[in-house]
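The values are calculated or read from the model by the stated rules, or taken from the named source; none is laboratory data. Every value quoted in this text rests on a predicted model; they were computed, and no experiment measured them. FYI the Cβ positions are ideal-geometry reconstructions off the backbone, even for glycines, and counts take in every protein chain you see. Heavy atoms of the whole protein, side chains included, go into the accessibility calculation; ligands, DNA and RNA do not. Shrake-Rupley method; radii C 1.70, N 1.55, O 1.52, S 1.80 Å.
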Amino acid sequence: MAAPRDWLGTVEAEGSAGRQASSGVEVVFPSDPATPAPLCPHGPTLLFVKVNQGKEETRRFYACSACRDRKDCNFFQWEDEKLSGARLAAREAHNRKCQPPLSRTQCVERYLKFIELSLSQRKFCQRCQQLLLPDDWEKHQEHRVVGDISITQLKRPSQLLYPLENKKTNAQYLFADRSCQFLVDLLSTLGFTRVLCVGTPRLHELIRLKASGEKKSNIKSLLLDIDFRYSQFYMEDSFCHYNMFNHHFFDGKAALEVCRTFLKEDKGEGVIMVTDPPFGGLVEPLAVTFKKLIAMWKEGQSQDSSHKELPIFWIFPYFFESRIHQFFPSFCMLDYQRFHRTFICVDEAMKYGCMLEVDYDNHALYKHGKTGRKQSPVRIFTNIPPNKIILPSEEGYRFCPLCQRYVSLENQHCEHCNSCTSKDGRKWNHCFLCKKCVKPSWIHCSICSHCALPNHSCGGPKDGCFICGELDHKRSTCPKIATSKKANKAVRKQKQRKSNKMKMGTTKGQSMNHTSVTRKKNKRERAHQYLCS
């Protein structure tokens, strides 16, 4: 799971600084799309609209579903844009060029040949990130090649593969082994026999290792992941190349049927979905995808079981709780706060020819907040009743009989809220003006009429609807959207009139520009003299 941004240092300020967001981009899901979305190398694109507080840019556009940085995928197309045949042909050629060099069938055939080789013949090219057969050796003579690849290494491909390079951070975050072990023990205790791993490659590895170990486990797993390189290490029934932001199976109907069969096995009993999406990803497209997987699982259910839900563990930061509840009201957030990940640096791995993994709890750049608290902001969101999930007492958890769930020792029950309210590992304080518990570092602001950090900016717009600011709905369902559109139309007309006036005053504007340039030049000269003095 790649982390596209450094979110760890922003947790403390999220609650108050997040209120100041005045613009953003929303995903649009047409109820009856007339035409399919255009394709980029990551599958069908998503339709977006840019919105501002009280305003909306009415022209919508398509962009990549998986990459939020145009440097990683530069696809962009206006919704109403007409493309020529030449541009469409060029786009199709680009999409084909970006696809994996080998098909799924070819990867499986190569893997079967690879495991039959002797240990001395099993080689892996670190530069090309590819398992090498003897016929490939000559092409990779000038590359850094690792030999003697054992079966144990083949079972842990996430330790063999470099992380996919992200130009912003050159880093990737993967579950630490102890976090995977916690999840496997928990899933086994709850009695699950099949795990759909959506973006959790290390959990998939550990489940398969336990299934083939001395004390064989009866749990099976299927990995859905956007990293196509895992195709080299797994058979078709163990891995599907998949984009969780648009529910796209890159290998077509064959991979889709693999997933459907896995979910419908034993009439859908004993299966759970565990997902660990990138934390920079938008919640809404993820929720749409997960609902499609749920619908696939329900195909194997009888009418008597129509009320049942597919058990899910959604691993995400705690400050997305309200967004997740918008789409899955039955979900609750567990208080387990010790989800550990390893920070993998691509530059260091390439430099030394080996993986460099650092537990980010002990990494100076990735400590949680300014104080470096050991608790992680990552939580499990689930539709499984919380009283069934036992958290380890030796790690500092207790059962709250009033909340009927396990919580950390620092999470005290508030008699006014009638709940254990802390979400970040500290004891929260009850604010009688806000009528809820807040972080201990927050104070009540009489100007904003809510609690926030002491150095927050007052009077900023709140989270929620971009039109009216309410928290219980989004812009697309706002009852005041018609009024907002009329106001926006009037604003656009006023801007057009100003633009026309500016065009008429071109001559005057040119002389003013000359004066402005002269002032800027003088200002730079004064700054240069000051720096040199």
Let me confirm something: among I149, I115, which residue is part of a loop (DSSP other than H, G, I, E, B) and either surrounded by 11 or more Cβ atoms within 10 Å (Cβ to Cβ) or out of contact with any Leu (no Cβ under 8 Å at 6 or more places or on another chain) (or both)? I149
I'd like the residue in the stretch 73-88 that is within 27 Å of the chain's Cα centre (by Cα) and among the hydrophobic types (A, V, I, L, M, F, W, C) and, out of all such residues, is surrounded by the fewest Cβ atoms within 10 Å (Cβ to Cβ). W78
Provide a single number: the residues in the stretch 118-131 that are under 28 Å from G43 (Cβ atoms) and either open to solvent by 40 Å² or more (accessible area, probe 1.4 Å) or assigned to a helix (DSSP H, G or I) (or both). 3
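Being open to solvent by less than 70 Å² (accessible area, probe 1.4 Å) and of a type in the set (K, R) narrows it down to one of R144, R91, R59, R70, so name that one.
That would be R91, the only listed residue that is open to solvent by less than 70 Å² (accessible area, probe 1.4 Å) and of a type in the set (K, R).
Is it the case that D135 is touching a Lys or Arg at 6+ places or on another chain (Cβ under 8 Å) and over 17 Å from F233 (Cβ atoms)?
Details: touching a Lys or Arg at 6+ places or on another chain (Cβ under 8 Å): no; over 17 Å from F233 (Cβ atoms): yes.
No, not satisfied.
Which of the residues belonging to the stretch 403-421 are in a loop (DSSP other than H, G, I, E, B) and touching a residue at least 24 places away in the same chain (Cβ under 8 Å)? Outline the logic, then answer.
So in the stretch 403-421, the residues in a loop (DSSP other than H, G, I, E, B) come out as 403-404, 409-412, 415-418, 421.
Passing the criteria: only N411.
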What pairs can you find where one residue is in the stretch 137-152 and within 9 Å of R122 (Cβ to Cβ), the other is surrounded by fewer than 10 Cβ atoms within 10 Å (Cβ to Cβ), and their Cβ atoms are less than 9 Å apart, with a gap of 6+ or different chains? G147/S120; D148/S120
In the stretch 432-439, is there at least one residue being out of contact with any Lys or Arg (no Cβ under 7 Å at 6 or more places or on another chain), open to solvent by 20 Å² or more (accessible area, probe 1.4 Å), touching a residue at least 60 places away in the same chain (Cβ under 8 Å) and outside any strand (DSSP E or B)? no
Single condition V108 does not satisfy, out of (1) farther than 29 Å from K292 by Cβ; (2) assigned to a helix (DSSP H, G or I): (1)
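Being hydrophobic (A, V, I, L, M, F, W, C), within 25 Å of the chain's Cα centre (by Cα) and modelled with pLDDT of 90 or more narrows it down to one of I384, I390, I443, so name that one. Break it down stepwise before answering.
Numbers: I390 fails: within 25 Å of the chain's Cα centre (by Cα); I443 fails: within 25 Å of the chain's Cα centre (by Cα).
So the residue among I384, I390, I443 that is hydrophobic (A, V, I, L, M, F, W, C), within 25 Å of the chain's Cα centre (by Cα) and modelled with pLDDT of 90 or more is I384.
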Kindly provide the set of residues from the stretch 1-47 that are modelled with pLDDT under 50, outside any loop (DSSP other than H, G, I, E, B) and polar (S, T, N, Q), ordered by number. T10, S16, Q20
